[in-house]
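**Q** Once you've had a glance at the structure underneath, I'll fire off some questions.
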Amino acid sequence: MKIPYLNLATIHDPIKEELKEKFNQVLDSEWFIQGTACTKFEEEFAAYCGAKYCVGVGNGLDAIRVILQAYGIGEGDEVIVPANTFIATVLAVSYVGATPVLVDADEKTYNIDISKIEEAITDKTKAIIVVHLYGRVVDVNAVRKIADKYGLKVIEDSAQAHGAVCEGKRTGNLGDAAAFSFYPGKNLGALGDGGAVTTNDKALADNIRAICTYGSFEKYNHQFKGCNSRLDEVQAALLSVKLKCLEGWNEERKSIAEQFNQKINNDLFVLPQIDDRDGHVFHIYPLLCQDRQKLIAYLEEKGIGTNVHYPIPIPKQGAYKEMVQDMVKYPITEKICANEVSIPLYPGLQQEQIDYIIDALNDYKG
Ligand SMILES: *Cc1c(COP(=O)(O)O)cnc(C)c1O
């Protein structure tokens with residue numbers, strides 16, 4: 001049996017005709033940037049998240065970056081970020097000229113260790129970025145208590161957690177502002193690059209929209225040194241189609257993850273914990289396994305694709321070589337990066353494929 005790590009065809013095949021129809025509508029409209037499809041999707045996505053405003057942007061990295069810029073965060077400021085994340089979270093901080101301050105991961109959630117945030121705060125700290133990594137929601141209410149004590153903004157990097165829930169509220173409505181990515185492989189993906197910011201703060205939303213349109217509220221009148229970062233009409237129209245499927249897809253992801261958790265019983269692996277079912281939308285199913293190369297080769301032999309999220313911790317990346325001496329401060333991140341293996345988990349995965357993956361993992365002898 002051949003099971004690729006990700007197969008977008010199983011996601012797109014059932015809605016292909018509708019996607020083509022929406023593409024044709026945009027083509028016939030001959031209007032490709034800042035039109036009705038984007039406005040419609042922004043309204044739908046804000047409503048889905050439970051947030052008042054949504055601004056479509058070019059991609060997830062830009063979404064984080066323009067939130068920081070709109071808050072006036074830059075040179076001389078510090079922003080707290082998890083050490084265990086995709087590098088885009090950290091790049092966004094560097095991009096505005098601020099200093100990313102890394103905090104190690106929690107051994108249980110793999111997300112930022114909330115108990116270690118306070119000791120990382122200085123008088124330069126302006127914001128905390130929480131990342132709902134792998135689709136598992138961060139306890140933002142606990143982070144909010146710390147942030148309020150020091151007057152900090154809480155920004156969600158929700159690129160991996162569309163639809164995840166924390167105490168009855170969806171991501172995108174948990175902090176002061178949230179960044180989403182619609183990269184094709186995400187839980188809600190466009191057929192190209194795309195992103196969005198959600199917030200309940202009207203002034204912030206307006207400023208972000210201006211920043212993303214060359215820094216202008218009206219044509220040829222420029223208030224900010226902005227950029228060009230927008231969600232185009234084709235992607236927005238396709239995202240509206242896919243948004244209707246998101247809840248069903250997330251339910252499917254959760255039910256596959258539950259099967260993995262219940263049926264994989266091999267002591268060689270540490271499985272992700274699920275104690276709040278809504279709080280996790282399993283963008284990724286991360287196994288921890290020592291000698292991961294051996295497991296990856298074994299699964300490849302069986303026809304099962306894998307991935308690693310992420311093989312090199314940020315302080316060990318060439319781009320952040322100034323941080324390398326700090327690596328000792330992030331032992332949990334180091335362990336996750338050394339041992340993580342992601343196995344196939346996506347809507348449309350067939351029961352026999354799920355069973356095959358479970359059997360292969362249970363048969364693994366190390
Ligand atoms: C994908 C991702 C991003 C970046 O999104 P792009 O749309 O690829 O720019 C940011 N943060 C996290 C956690 C991601 O997984």
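The values are calculated or read from the model by the stated rules, or taken from the named source; none is laboratory data. These numbers come from a predicted model, not from an experiment. Quick reminder, even Gly has a Cβ in these numbers, built from the backbone with ideal geometry, and neighbours come from all protein chains shown.
**Q** Is it the case that Val130 is modelled with pLDDT of 95 or more, under 18 Å from Tyr150 (Cα atoms), buried (at least 19 other Cβ atoms within 10 Å of the Cβ) and within 13 Å of the ligand (Cβ to nearest atom)?
**A** In short, yes.
For (1) farther than 27 Å from Lys202 by Cβ; (2) touching a Phe, Trp or Tyr at 6+ places or on another chain (Cβ under 6 Å); (3) within 16 Å of the ligand (Cβ to nearest atom); (4) acidic (Asp, Glu), each residue gets a yes or a no:
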{"position": "Leu19", "(1), (2), (3), (4)": "yes, no, no, no"}
{"position": "Phe23", "(1), (2), (3), (4)": "yes, no, no, no"}
{"position": "Ser29", "(1), (2), (3), (4)": "yes, no, no, no"}
{"position": "Thr36", "(1), (2), (3), (4)": "no, no, no, no"}
{"position": "Ala51", "(1), (2), (3), (4)": "no, no, no, no"}
{"position": "Val55", "(1), (2), (3), (4)": "no, no, yes, no"}
{"position": "Gly58", "(1), (2), (3), (4)": "no, no, yes, no"}
{"position": "Val81", "(1), (2), (3), (4)": "no, no, yes, no"}
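**Q** Among Ser181, Ser158, which is the only one that is hydroxyl-bearing (Ser, Thr, Tyr) and closer than 16 Å to Val81 by Cα?
**A** Going through Ser181, Ser158 in turn, just one is hydroxyl-bearing (Ser, Thr, Tyr) and closer than 16 Å to Val81 by Cα: Ser158.
**Q** Of all residues in segment 60-79, count the ones that are of a type outside the set (A, V, I, L, M), crowded, with 24+ Cβ neighbours inside 10 Å and more than 10 Å from the ligand (Cβ to nearest atom).
**A** 1
**Q** On to the next question. Can you name every residue in segment 77-101 that is in contact with a strand residue (DSSP E or B) (Cβ under 8 Å, 6 or more places away or on another chain), farther than 27 Å from Gly279 by Cα and assigned to a loop (DSSP other than H, G, I, E, B)?
**A** Answer for segment 77-101, where residues must be in contact with a strand residue (DSSP E or B) (Cβ under 8 Å, 6 or more places away or on another chain), farther than 27 Å from Gly279 by Cα and assigned to a loop (DSSP other than H, G, I, E, B): Asp77, Ala98.
**Q** When you go through (1) within 16 Å of the ligand (Cβ to nearest atom); (2) assigned to a strand (DSSP E or B) one by one for Phe217, which number turns out not to apply?
**A** The number of the failed condition is (1).
**Q** Quick check on my filter: what residues within segment 176-191 are more than 10 Å from the ligand (Cβ to nearest atom) and either modelled with pLDDT under 95 or out of contact with any helix residue (DSSP H, G or I) (no Cβ under 6 Å at 6 or more places or on another chain) (or both)?
**A** Hits for segment 176-191 are Asp176, Ala178, Asn187.
**Q** I need the full set of residues from segment 115-127 which are crowded, with 20+ Cβ neighbours inside 10 Å and under 22 Å from Ile336 (Cα atoms), in order please.
**A** Ile117
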